[in-house]
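Below is one structure, written out as structure tokens, with a few remarks after it.
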Amino acid sequence: GLTLFGLGEGLLIVSFTGASPWSVLAQGISLNVNLSIGTITFLISIAVLVLWIPLGQKPGMGTIFNALIIAIMIDVCIKYVPTPTNYIDQLILATVSVITVGIGGGIYLVSNLGAGPRDGLMIGIQKKTNLPIALVRAFLEISVVSIGWYLGGIAGIGTLLFAFGIGPCVALGLYLVDKFFN
């Protein structure tokens, strides 16, 4: 599941139509330091895990694998998958990438091996503040995409595809796992 999730994240970056909010942040930081987007993604995961401490969140085995595998897959995609030359193909790749992330996310979620770093941050903030989870998630996503965009990361139609498509695609992933593995 994490391999598919990371593959999808990497493909969205390669599509050059915009990336997921946290990848826009990683891309923006990467443009300002001499480290790959995957390495920055991993370092962001570590920083987010440090924020778990005052929130009382506990990582699981899947939390650590989440940080490692997604970061590696992003760098593999960027290195080996070329950006399509025409805009229609870029949009098709962006669409396929969001579906891939969603299916990977669905597979990962049913494993119950621990929340991903960003999801654990969201859950921890929600528990501490009692704010609606949707508000907490929206605040986090809008904040990181804004900072990433300011730093030079690409936010575009692919970012919007991700924002509006990831929920239904994760639901599809959960459905497929239930259908074929239960």
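Within the accessible surface of the stretch 1-102, defined with a 1.4 Å probe on protein heavy atoms only, the carbon and sulfur portion equals 74 percent.
For the chain, modelled as a GNM whose springs connect Cα atoms under 10 angstrom apart, the maximal fluctuation among Thr41, Thr85, Thr159 occurs at Thr85.
Using just the C-alpha positions of the stretch 49-182 as equal point scatterers, what log10 of I(q)/I(0) does the Debye formula give at each q in 0.09, 0.14, 0.18 1/Å? Cα-only, vacuum Debye calculation for the stretch 49-182: -0.31, -0.79, -1.30. Only the Cβ atoms of Lys and Arg (+1) and of Asp and Glu (-1) were treated as charged; on that basis the dipole of the chain about its Cα centre amounts to roughly 380 debye.
Local charge for Arg118 was computed over the other residues whose Cβ lies under 10 Å away, with Lys and Arg +1 and Asp and Glu -1, and equals -1.
Based on the alpha-carbon gyration tensor of the stretch 1-113 and its eigenvalue square roots a ≥ b ≥ c, which shape applies: rounded if a/c is under 1.5, prolate if not and a/b is larger than b/c, or oblate? Oblate is the answer for the stretch 1-113, as a/c is 1.5 or above yet b/c matches or exceeds a/b. Only helices reaching 15 angstrom along their own axis (Cα) with mean Kyte-Doolittle hydropathy no lower than 1.6 count here, and for the DSSP H runs of the chain these are 2-15, 37-55, 61-80, 157-181.
Estimated from helices alone, the mean residue ellipticity of the chain at 222 nm is -27000 deg cm²/dmol (sum of -39500 (n - 2.57) over DSSP H runs with n ≥ 4, per residue). Entry for the stretch 128-182 at q = 0.28 Å⁻¹: log10 I(q)/I(0) = -1.05, Debye formula applied to identical alpha-carbon scatterers, no solvent contribution. Summed over the residues of the stretch 19-145 and divided among them, the accessible surface reaches 51 Å² per residue at a probe radius of 1.4 Å.
The values are calculated or read from the model by the stated rules, or taken from the named source; none is laboratory data. Note that this is a predicted model, so its numbers are computed, not measured. FYI the Cβ positions are ideal-geometry reconstructions off the backbone, even for glycines, and counts take in every protein chain you see. Accessible surface areas use protein heavy atoms only, side chains included; no ligands, DNA or RNA. Shrake-Rupley method; radii C 1.70, N 1.55, O 1.52, S 1.80 Å.
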